[in-house]
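No value in this document is a laboratory result; all are computed from the given coordinates. Everything numeric in this text was worked out from a predicted model, so none of it was measured. So basically every Cβ, Gly included, is an ideal-geometry build from the backbone, and we count neighbours across all protein chains shown.
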Amino acid sequence: MAGKTELEPWQWPDEQWRKIVNHVRAGKTLRPKTWKGGARMAFAVSFDVDHETNELRDGGKSYSRMSWGQYGNRQAMPRILALLKKHDVKATFYVPGVVALLYPDEQKRTVDEGHEVALHGWIHELNSVLSYEDERMLMLKADEVLTKVTGVKPVGVRTCSWDFSPHTLRIEKEMGLLYDSSLMADYDCHELLLDGEPTGVTELPVEWIRDDAAYFWMNRFGAQRPYTTPKDVLDIWMRELDAAWEEGGIFQLTTHPHVIGYRSRLWMIEELIRHAKSKGSVWFATHADVVRHAKEHAV
């Protein structure tokens, strides 16, 4: 086409695609010989506490979808916290700054009951559409709010929708964060590299297979509908758990209160906990504690 100067990806010189690929990369694996107390496997369950921000981030004003988010606070979070307390399981909750301002008592209760509250953006924004300055500002703003509300400074981050910009890792390094949990290069913890250099930031990997939204998300006006039964999803997660136990690794799970926190779904978390306990030699821990142990005891 006349006047077109930008190259197509298939026309890129090697140095161009290599620079993109190598900008953020998985580095040294950090797998300990055993987990805390000699446990064979680490069980790390997390909850992305998005609440109303799923609607707000795109400028949405649907009160129906915001009520879905409010369910996360009114019903799901109390049920989740009660379930974790019943089984003495500690978890990690990733909370946008706006959610912390809407529901400060929820975050205080979460921390008071021994769980981790970590960063999850400001209003569930997508990092890839932001400048470095705006992304950094929102991360620092969220960090300030979560620290003030909970009394505990966050040490970890999960980017919203796992949306990782070219600036994200640089900002995490500048903030001195212990870990990130947004990328999918491995099962094990590993150090993240920025342009080939170690950052000191550890990745605790996620995966869509181990995320409830991929199976249960509902979009009334789109093609996306819940299509997998809880029983079938549980079977997938059980297989992931069993494999993690066989390998002596981590079973990591990502869920959302307004998705998993229903009477017909929350039992799945309880079944996973019971199954893990039946195997014995399992350490139930927050993401931060898993990362600290992996860094300190990696072989």
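A few notes on this one:
- Part-to-part distance (alpha-carbon centres) for region 10-82 and region 180-206, which is given in Å: 14 Å
- The chain, helix-only ellipticity at 222 nm - DSSP H runs n ≥ 4, -39,500 (n - 2.57), divided by all residues, nearest 500: -12000 deg cm²/dmol
- Where GluC sites (Glu not before Pro) fall in DSSP loop in region 2-80, at most 12 other Cβ within 10 Å: GLU6
- Förster-model FRET efficiency, 41 Å R0, LYS231 and ALA185, C-beta, rounded to 0.05: 0.85
- Full extension of the chain segment joining LYS19 with HIS87 gains 19.8 nm, where the gain is 0.36 nm per residue of separation less the Cα-Cα distance.
- Under the shape rule built on the C-alpha gyration tensor, where the axes satisfy a ≥ b ≥ c, region 1-72 is oblate, since a/c reaches at least 1.5 while a/b does not exceed b/c.
- Region 238-299 and region 83-125 have Cα centres lying 17 Å from one another.
- Pairs exceeding a 18 Å alpha-carbon distance, out of LYS36/LYS295; LYS36/LYS277; LYS85/LYS277; LYS141/LYS173; LYS86/LYS153: LYS86/LYS153.
- Positive-pole candidate from GLY151, THR110, LEU83, dipole of region 55-173, charges at beta carbon: LEU83
- Of the GluC sites (Glu not before Pro) in region 83-171, the ones in a loop by DSSP (not H, G, I, E or B) with at most 16 other beta carbons within 10 Å are GLU113.
- Rounded, prolate or oblate (a/c below 1.5 giving rounded, otherwise prolate when a/b exceeds b/c) for region 135-239 by Cα gyration tensor: prolate
- Stretch gain in nm, segment SER67-ARG79, where the contour uses 0.36 nm per residue and the Cα spacing is subtracted: 2.6 nm
- Qualifying trypsin sites (Lys or Arg not before Pro) in region 147-226, where qualification requires a DSSP coil assignment and no more than 16 other C-beta atoms within 10 Å, comprise ARG220.
- Cα shape, region 7-155, gyration tensor, a/c 1.5 rule: oblate
- The chain: relative contact order in percent, alpha carbon pairs under 8 Å with at least 6 residues between: 31 percent
- Label selected from (1) 21.3, 69; (2) 20.8, 83; (3) 19.5, 67, the criterion being Rg and Dmax of the Cα atoms in Å as computed here: (3)
- Extreme residue, positive dipole direction of the chain, given options SER64, MET175, TRP17 (C-beta unit charges): SER64
- Electrostatic dipole magnitude of the chain [Cβ: Lys, Arg +1; Asp, Glu -1; Cα centre; debye, to 20]: 980 debye
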